[in-house]
């Protein structure tokens, strides 16, 4: 179960990211093609982070099997760092999605 306060913070992060995107690039995309390209780019970045985590998980398993606690902890730390980057990408995906929807409603 996800904590309600954490969910609220995520919603706040999405709002802040949307405000920043609108301030930097304008309130809507020029075309749906452009909107899709931006959304796809954010998704690809998130997907890359997932792949990095997957690779580290394989390394974690190998170090666990080899009883190498130091290497295991180093790999887990990398998962921690990359997971935070993944969370940022997820926030950007949500913000881009909101911007697309808001732009379409204003047409």
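Do we find that residue 28 is surrounded by 11 or more Cβ atoms within 10 Å (Cβ to Cβ) and at pLDDT below 95 in this structure? Here the answer is yes, as residue 28 does meet what is asked.
Looking at the stretch 5-25 only, could you name the residues that are more than 15 Å from residue 92 (Cβ to Cβ) and in contact with a helix residue (DSSP H, G or I) (Cβ under 9 Å, 6 or more places away or on another chain)?
Within the stretch 5-25, the first condition is being more than 15 Å from residue 92 (Cβ to Cβ), and the residues that meet it are 5-9.
Answer for the stretch 5-25, where residues must be more than 15 Å from residue 92 (Cβ to Cβ) and in contact with a helix residue (DSSP H, G or I) (Cβ under 9 Å, 6 or more places away or on another chain): there is none.
One line per residue, one yes/no per condition, for (1) outside any helix (DSSP H, G or I); (2) touching a residue at least 60 places away in the same chain (Cβ under 8 Å):
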{"position": "23", "(1), (2)": "no, no"}
{"position": "30", "(1), (2)": "yes, no"}
{"position": "33", "(1), (2)": "no, no"}
{"position": "50", "(1), (2)": "no, no"}
{"position": "99", "(1), (2)": "no, yes"}
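The set of residues in the stretch 6-19 being more than 15 Å from the chain's Cα centre (by Cα) and over 18 Å from residue 84 (Cβ atoms) consists of 8, 19.
The values are calculated or read from the model by the stated rules, or taken from the named source; none is laboratory data. No experiment lies behind these values; they were computed from the predicted model shown. Don't worry about glycine lacking a Cβ; one is built from the backbone with ideal geometry, like all the others, and counts go over all protein chains shown.
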